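The values are calculated or read from the model by the stated rules, or taken from the named source; none is laboratory data. Since this is a predicted model, take the numbers as computed values, not measurements. Cβ coordinates were reconstructed from backbone atoms using ideal geometry, including for glycine residues, and neighbour counts include every protein chain displayed.
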Amino acid sequence: MTNPFDKLRKSLAKTKDNLMGKISRVVLRRKIDDNLLDEIEEILIEADVGVKATMRLIDNLRERVKQNGITEGDAVIQLLKDEITNIMSSRPMDSPPSPENNLEIWLITGVNGVGKTTTIGKLATRFASEGKKVIIGACDTFRAAAIDQIEIWAKRSGVDIVRSQEGADPAAVAFDAASAAQARKADILLIDTAGRLHTKSNLMDELKKIRRVVEKAAPDATILSKLIVDGNTGQNAISQVQVFTEAVGCDGIIITKLDGTAKGGVIIAVTEELNVPVDFIGLGESVDDLQRFDAKQFAEALFA
Ligand SMILES: Nc1nc2c(ncn2[C@@H]2O[C@H](COP(=O)(O)OP(=O)(O)O)[C@@H](O)[C@H]2O)c(=O)[nH]1
Ligand SMILES: [Mg+2]
């Protein structure tokens, strides 16, 4: 088994090249001046770091260069690393641990294809291996294949699943799942949802309904809304978070598919612009390709 940091470093190779690789080439044997800062700014924007984080990075860079009388281009790399680590560490790393013996319900949301079902499979395996009693609620009833897919993950991770048939009311399945989780004294219920219905407002209404029903069925449970975002999404990630937050809240973000994308800089935009922690990151399709997000490690991997 490769160690987690190596895995992270390898997964981020394209992002690193797109971001730090380009910047390293640009600063080489250059003096720091406005032209150089403009070029760095352009690279950051193109690497999906987002306008807000980019402006903050460039302003702080300019300030620190002036304060410390720095003239050589290469010095920019270490300064950027510090600033990027700062931005990514500015949000809490983790949701607070729930009180003992309290059921936690994770409503897993996100647009179609971002990796909701896969991430639930990975989470179920992880939590089960930590000795937690996990139940999965198969509330994506939009397609039969979605129910089969989550069932396979449940079997693989050895956890119970509450499911129904294609076309069943997702809120009814959620009600059954939450009731079962409470009756069986589960530690955590992971609710899979659809990312696509006939219209977007349908989807948001459906998610709101699921949340309401779950609150009724398990009044003592802690309900957390976790949004899955595809790392290839670019700046659209920000508006996705806003739309889902408005409907069902957002207690944490999981960014998937950071392996193989050059757009991983979006995690800097997300941590700068949104007041929500990034809990986990997805680094591949298999069960152990899910890591807790750690800002320092992430920055280390980007600059390794
Ligand atoms: N490379 C990569 N693929 C992923 C990751 N997470 C999910 N996928 C793939 O993305 C596709 C859609 O995933 P799925 O879980 O069905 O998405 P859903 O529609 O949100 O439930 C599948 O082919 C997954 O194997 C990841 O972290 N990395
Ligand atoms: Mg799915």
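Just a few scattered comments:
- Considering residues of region 1-13 that are among the polar types (S, T, N, Q) and modelled with pLDDT under 95 only, the residue nearest to ILE77 (Cα to Cα): ASN3
- Qualifying residue in region 264-273 (condition: without any contact (Cβ under 8 Å) to a residue 24 or more places away in the chain, more than 14 Å from PHE293 (Cβ to Cβ), over 12 Å from the mean Cα position of the chain (by Cα) and not in a loop (DSSP other than H, G, I, E, B)): no
- Looking only at residues in region 254-296 that are among the polar types (S, T, N, Q) and surrounded by fewer than 18 Cβ atoms within 10 Å (Cβ to Cβ), the one that is farthest from ligand 2 (Cβ to nearest atom) is ASN275.
- For region 290-304, a residue qualifies if it is outside any strand (DSSP E or B) and either in contact with a helix residue (DSSP H, G or I) (Cβ under 7 Å, 6 or more places away or on another chain) or among the basic types (Lys, Arg) (or both), and the qualifying residues are ALA295, LYS296, GLN297, PHE298, ALA299, ALA301, LEU302, PHE303, ALA304.
- Residue in region 215-222 that is over 22 Å from ASN102 (Cα atoms) and either assigned by TED's automatic domain parsing to the domain that holds ALA47 or modelled with pLDDT of 95 or more (or both) present: no
- Odd one out for ILE228, checked against (1) outside any helix (DSSP H, G or I); (2) over 12 Å from the mean Cα position of the chain (by Cα): (2)
- Looking only at residues in region 151-197 that are within 16 Å of ligand 1 (Cβ to nearest atom) and of a type in the set (Asp, Glu), the one that is farthest from ILE108 (Cα to Cα) is GLU166.
- Residue selected from region 230-247 under the condition touching a strand residue (DSSP E or B) at 6+ places or on another chain (Cβ under 6 Å) and of a type in the set (Gly, Ala, Ser), by the criterion farthest from GLY284 (Cα to Cα): ALA237
- Test: residue in region 207-216 that is closer than 19 Å to ILE254 by Cβ and not β-branched (Val, Ile, Thr): yes
- Residues of region 98-141 that turn out to be over 18 Å from VAL173 (Cβ atoms), aliphatic (A, V, I, L, M) and within 14 Å of ligand 2 (Cβ to nearest atom), as a count: 3
- In region 224-239, the residues that are buried (at least 20 other Cβ atoms within 10 Å of the Cβ) and away from ligand 2 (no atom under 16 Å from the Cβ): SER225, GLY231, THR233, ALA237
- Selection within region 29-65 - loosely packed, with under 12 Cβ neighbours inside 10 Å and under 18 Å from ASN86 (Cβ atoms): GLU63
- Condition broken by ALA144, with the remaining ones in (1) more than 14 Å from ILE105 (Cβ to Cβ); (2) touching a helix residue (DSSP H, G or I) at 6+ places or on another chain (Cβ under 9 Å); (3) at pLDDT below 95 satisfied: (2)
- Region 144-174, subset of a type in the set (D, E, K, R) and in contact (Cβ under 8 Å) with a residue 24 or more places away in the chain, residue farthest from THR125 (Cα to Cα): ASP169
- The set of residues from region 102-118 being more than 6 Å from ligand 1 (Cβ to nearest atom) and under 21 Å from ASN232 (Cα atoms) comprises ILE108, THR109, VAL111.
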